[in-house]
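The values are calculated or read from the model by the stated rules, or taken from the named source; none is laboratory data. What you see is a predicted model; the values in this text were computed from it and never measured. FYI the Cβ positions are ideal-geometry reconstructions off the backbone, even for glycines, and counts take in every protein chain you see.
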Amino acid sequence: DTAVSQTPKYLVTQMGNDKSIKCEQNLGHDTMYWYKQDSKKFLKIMFSYNNKELIINETVPNRFSPKSPDKAHLNLHINSLELGDSAVYFCASSQNNRMVGYTFGSGTRLTVV
Amino acid sequence: QKEVEQNSGPLSVPEGAIASLNCTYSDRVSQSFFWYRQYSGKSPELIMSIYSNGDKEDGRFTAQLNKASQYVSLLIRDSQPSDSATYLCAVNDNYGQNFVFGPGTRLSVLP
């Protein structure tokens, strides 16, 4: 199946831990993204990345870092997790074309306790 | 700072009625406009895109764009209970690749 896949789907962890969320797309898209959706369902961009440029939303704490081993993968590392990091994190991808929408992954529900 | 605004709802309509969802945006240079549907606990799913002023129809969905008023809407004809979801408006700009999403409107279609 052509898709954007994220793992894990659920992640429960304690404050202070470091965790990673993996994302892979087999759509041949040029650009990948991480979005955070909070409890009020507001989707906010965290990062966008293609093989040339990483764009970081300036409101994202530097505890969050994207890592891209290749064009098809964009993983999200989070250090020193805090309670406020609890949210659903969506990976997405698109062609490098402003006229096309995103394809979203299924999301990772992160709960920090 | 780009902003995209939507009425959070819930918007309740009876089955078979027309549901009208509205979105306004602040960035005048925006060129691409998208509507996503998100069922509870699921990921957003692209349902419509529109780039030019006027109407664009796809099945029961019609997107309407008015760039002068910075306004984009989504009409759902013959609403079905399966249309009950949150509808997200997303706006791209002419300079970047990213989208700004509105807060979403929750639609409830009552049988």
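Tabulated data
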{"quantity": "B:Leu46 vs. criteria assigned to a strand (DSSP E or B), in contact with a strand residue (DSSP E or B) (Cβ under 6 Å, 6 or more places away or on another chain), free of Cβ contacts under 8 Å to residues at least 60 places away in the same chain and within 26 Å of A:Gln6 (Cβ to Cβ)", "calculated": "yes"}
{"quantity": "Positions within the stretch B:17-42 being at the interface with chain A (Cβ under 8 Å from one of its Cβ atoms) and farther than 13 Å from B:Leu65 by Cα, in sequence order", "calculated": "B:Tyr36, B:Gln38, B:Lys42"}
{"quantity": "Residue count, the stretch A:32-54 (criterion: under 17 Å from A:Pro69 (Cβ atoms) and either at pLDDT 90 or above or among the aliphatic types (A, V, I, L, M) (or both))", "calculated": "4"}
{"quantity": "Close pairs from the stretch B:66-88: first within 22 Å of B:Val4 (Cα to Cα), partner at pLDDT 95 or above and assigned to a helix (DSSP H, G or I), Cβ under 8 Å, at least 6 apart", "calculated": "B:Ile76/B:Asp83"}
{"quantity": "Which listed residue, of B:Asp55, B:Asp78, is out of contact with any Ser or Thr (no Cβ under 9 Å at 6 or more places or on another chain) and exposed (fewer than 14 other Cβ atoms within 10 Å of the Cβ)", "calculated": "B:Asp78"}
{"quantity": "B:Ser79 vs. criteria within 14 Å of another protein chain (Cβ to nearest Cβ) and either in a loop (DSSP other than H, G, I, E, B) or under 26 Å from A:Gln95 (Cα atoms) (or both)", "calculated": "no"}
{"quantity": "Residue within the stretch A:51-61 that is under 23 Å from B:Gln38 (Cα atoms) and in contact with a Gly (Cβ under 8 Å, 6 or more places away or on another chain) present", "calculated": "no"}
{"quantity": "Scope the stretch A:17-31; condition under 20 Å from A:Arg109 (Cα atoms) and either of a type outside the set (Lys, Arg) or at pLDDT below 85 (or both); matching residues", "calculated": "A:Asn17, A:Asp18, A:Ser20, A:Ile21, A:Cys23, A:Glu24, A:Gln25"}
{"quantity": "Among (1) surrounded by fewer than 21 Cβ atoms within 10 Å (Cβ to Cβ); (2) more than 12 Å from every other protein chain (Cβ to nearest Cβ); (3) under 24 Å from A:Tyr89 (Cα atoms) - the single one B:Glu45 does not satisfy", "calculated": "(2)"}
